[in-house]
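Student: Structure in structure tokens, see below.
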Amino acid sequence: MEALKNLSPEKVINVVRAAKNQYLEKKPTLEIYKKGEADFVTQVDVCIQEFVRAGLESLCPEIQFMGEEKDNHTIDFSKPFWIMDPVDGTTNLIHDFKCSCISLALCVHGKIVFGVICHLYLNELFYAIRGKGAWLNGKRLSVSRTTELSQGLICTGTSPYYKKELGASVFEDLKNVYFNCEDIRRTGSAALDMAWVAAGRADACFERRLCPWDFAAGIILIEEAGGSVSDFLGAPLEFYKKCDVIGGNGIINEHIRTRLLTKK
Ligand code: 2AM
Ligand code: CA
């Protein structure tokens with residue numbers, strides 16, 4: 001927790017909020033570049049990342065910065081680092097589907113100690129501090145109490161960047177969960193799925209092959225709200241590679257895990 005000692009969570013949250021506000025006020029032109037299959041980056045992603053990176057650097061210059069829109073190969077994982085997705089839900093942003101967020105987490109000695117997820121269109125800012133709970137606009141969050149998968153609302157993503165490679169097995173897994181739960185939701189933002197699990201709005205979420213910036217802040221939100229997060233085998237997530245992610249209230253996670261044919 002050393003890195004947090006001189007760091008005010010409020011100041012970090014204010015940087016994230018300011019990034020959202022300057023985006024909403026200035027709306028940078030939506031120039032779109034393609035990174036891979038169904039995988040895009042816009043001028044908005046780049047502007048928000050640079051705004052937050054610079055703000056964090058002035059607050060705490062010794063903490064490294066890992067961001068989706070930069071080269072991260074020099075990160076020393078044994079030292080503290082931020083993990084940021086400037087826009088989680090970029091495809092939504094491009095379509096004006098209004099379901100995107102900024103996601104920022106602080107990783108210290110392989111553990112997330114602080115996380116913020118800020119909805120770009122709703123007045124909803126989620127944050128969590130290790131040992132101090134998960135919060136939404138000042139209200140403490142708890143995961144749902146649902147115990148039966150048949151009553152569970154489950155968020156998922158379709159891993160569209162790996163459509164040819166994973167598409168068939170993703171939909172096989174989806175079918176197995178869908179026929180045993182109340183219903184499925186697909187927002188297009190893994191970070192928001194996780195924030196909404198922390199808020200008890202959904203009972204669990206799962207998606208294959210997510211990047212660390214998609215799930216880092218969501219981990220601490222769900223855990224501090226009383227739930228749990230793991231990969232499809234039940235192992236903790238790691239922050240230097242892509243992971244298959246299940247987050248939930250802790251009971252529903254296990255029900256989902258048994259329904260997934262694809263364990264890797
Ligand atoms: P993004 O909107 O920041 O691109 C959608 O299924 C989820 O997967 C979103 O959270 C999306 O984040 C994320 N995602 C996008 N590109 C990805 C990639 N190349 N690998 C893994 N996850 C990705
Ligand atoms: Ca992104």
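Student: Between residues in the stretch 185-198 that are touching a residue at least 40 places away in the same chain (Cβ under 8 Å) and residues that are hydrophobic (A, V, I, L, M, F, W, C) and within 8 Å of ligand 1 (Cβ to nearest atom), which pairs lie under 8 Å by C-beta distance while being six or more apart or on different chains?
Tutor: Listed pairs, sorted by first residue: Ala190/Leu210.
Student: Among the residues of the stretch 198-238, count how many are within 14 Å of ligand 1 (Cβ to nearest atom) and touching a helix residue (DSSP H, G or I) at 6+ places or on another chain (Cβ under 7 Å).
Tutor: Residues flagged as within 14 Å of ligand 1 (Cβ to nearest atom) and touching a helix residue (DSSP H, G or I) at 6+ places or on another chain (Cβ under 7 Å) within the stretch 198-238 amount to 11.
Student: I've got another one for you. Any residue at all in the stretch 214-231 that is at pLDDT 95 or above, open to solvent by less than 30 Å² (accessible area, probe 1.4 Å) and over 18 Å from the mean Cα position of the chain (by Cα)?
Tutor: Within the stretch 214-231, none of the residues are at pLDDT 95 or above, open to solvent by less than 30 Å² (accessible area, probe 1.4 Å) and over 18 Å from the mean Cα position of the chain (by Cα).
Student: Hey, can you tell me all the residues within the stretch 126-164 that are of a type in the set (A, V, I, L, M, F, W, C) and within 17 Å of Leu192 (Cβ to Cβ)?
Tutor: Phe126, Ala128, Ala134, Trp135, Leu136, Leu141, Val143, Leu153, Ile154, Cys155
Student: Something else now. From (1) open to solvent by less than 50 Å² (accessible area, probe 1.4 Å); (2) basic (Lys, Arg); (3) under 16 Å from Asp85 (Cα atoms), pick out the condition that doesn't hold for Arg208.
Tutor: The one condition Arg208 does not meet is (3).
Student: Can you name the residue in the stretch 72-127 that is farther than 18 Å from Glu50 by Cα, surrounded by fewer than 23 Cβ atoms within 10 Å (Cβ to Cβ) and among the hydroxyl-bearing types (Ser, Thr, Tyr) and is also farthest from ligand 2 (Cβ to nearest atom) among such residues?
Tutor: Here the answer is Ser78.
Student: For the stretch 66-146, give me every one of the strands (runs of 3 or more DSSP E) that falls completely inside it and has 1 or more residues that are touching a Phe, Trp or Tyr at 6+ places or on another chain (Cβ under 6 Å) and within 13 Å of ligand 1 (Cβ to nearest atom).
Tutor: It comes to 81-88, 111-119.
The values are calculated or read from the model by the stated rules, or taken from the named source; none is laboratory data. No experiment lies behind these values; they were computed from the predicted model shown. For neighbour counting, all protein chains shown are included, and Cβ atoms are generated from backbone atoms with ideal geometry for every residue, glycine included. For the accessible areas, the whole protein counts, side chains as well, though only heavy atoms, and no ligand, DNA or RNA atoms are used. Shrake-Rupley method; radii C 1.70, N 1.55, O 1.52, S 1.80 Å.
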